[in-house]
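Undergrad: Please read through the structure below; I'll follow up with questions.
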Amino acid sequence: MSERKHAGIGRVLIAVYAVLAMAATGRSFVQIVQRFDEAPLAYSLSAVAAVVYLLATVALAMRADAWRRVALAAVCFELVGVLVVGTLSLVAPELFAHDTVWSRFGMGYLFIPAVLPFLGLWWLRASRERVAA
């Protein structure tokens with residue numbers, strides 16, 4: 001894969017993370033300010049997702065090895081979060097009075113939260129191999 005093409009894929013991935021970070025931040029802010037008492041667990045999880053997406057966005061944009069480790073941790077946390085919350089929201093819906101970003105594997109966000117961590121992990125690995133080569 002050429003460096004130019006790979007850089008383009010990386011930029012698109014970072015842009016998607018940034019958009020999701022803004023969407024999750026806005027959603028969680030409104031939910032917490034207006035209706036926190038209705039679903040504190042769900043709204044807190046939306047806020048956690050927003051922080052994770054923001055951290056992943058910044059870390060993926062940086063080139064230093066330390067930031068790659070932060071990106072890996074954020075993307076892995078995101079993957080676990082979307083899998084756990086997605087599964088629980090289906091098998092124990094009473095836990096989630098209202099949806100989170102990760103509910104039903106991100107169905108409210110066109111399942112992007114379910115796909116994005118896999119793409120992030122792939123890109124981290126692919127870009128590491130390119131640097132090592």
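Undergrad: Of the residues Val16, Val52, Val33, Val48, which single one is of a type outside the set (Gly, Ala, Ser) and touching a residue at least 40 places away in the same chain (Cβ under 8 Å)? Lay out the reasoning, then the answer.
TA: Details: Val52 fails: touching a residue at least 40 places away in the same chain (Cβ under 8 Å); Val33 fails: touching a residue at least 40 places away in the same chain (Cβ under 8 Å); Val48 fails: touching a residue at least 40 places away in the same chain (Cβ under 8 Å).
Only one candidate passes the filter, namely Val16.
Undergrad: Continuing with the same structure: If I filter the stretch 34-74 down to residues being over 14 Å from Phe96 (Cα atoms) and in contact with an Asp or Glu (Cβ under 8 Å, 6 or more places away or on another chain), which single residue comes out as surrounded by the fewest Cβ atoms within 10 Å (Cβ to Cβ)?
TA: Among those residues, the one meeting the criterion is Val52.
Undergrad: Can you pull out the residues in the stretch 86-101 that are modelled with pLDDT under 95 and under 14 Å from the mean Cα position of the chain (by Cα)?
TA: Thr100, Val101
Undergrad: On to the next question. In the list Ala126, Ala47, Ala114, which residue meets the criterion of being modelled with pLDDT of 95 or more and closer than 18 Å to Val12 by Cβ? Steps first, answer last, please.
TA: Details: Ala126 fails: modelled with pLDDT of 95 or more; Ala47 fails: closer than 18 Å to Val12 by Cβ.
None of the other options fit; the residue is Ala114.
Undergrad: Any idea which of (1) exposed (fewer than 14 other Cβ atoms within 10 Å of the Cβ); (2) in contact with a helix residue (DSSP H, G or I) (Cβ under 6 Å, 6 or more places away or on another chain); (3) small (Gly, Ala, Ser) is the one Ala7 doesn't satisfy?
TA: (2)
Undergrad: Next question. Say we look at the stretch 96-115 and pick out the residues that are touching a Ser or Thr at 6+ places or on another chain (Cβ under 7 Å) and in a helix (DSSP H, G or I); which of these is surrounded by the most Cβ atoms within 10 Å (Cβ to Cβ)?
TA: Among those that are touching a Ser or Thr at 6+ places or on another chain (Cβ under 7 Å) and in a helix (DSSP H, G or I), it is Ser103.
Undergrad: Residues of the stretch 1-60 being closer than 24 Å to Arg128 by Cα and among the aromatic types (Phe, Trp, Tyr), which ones?
TA: Tyr17, Tyr53
The values are calculated or read from the model by the stated rules, or taken from the named source; none is laboratory data. All figures in this text were calculated on a predicted structure; none of them were measured in a lab. Glycine also receives a Cβ, built like all others from the backbone with ideal geometry; neighbour counts cover every protein chain displayed.
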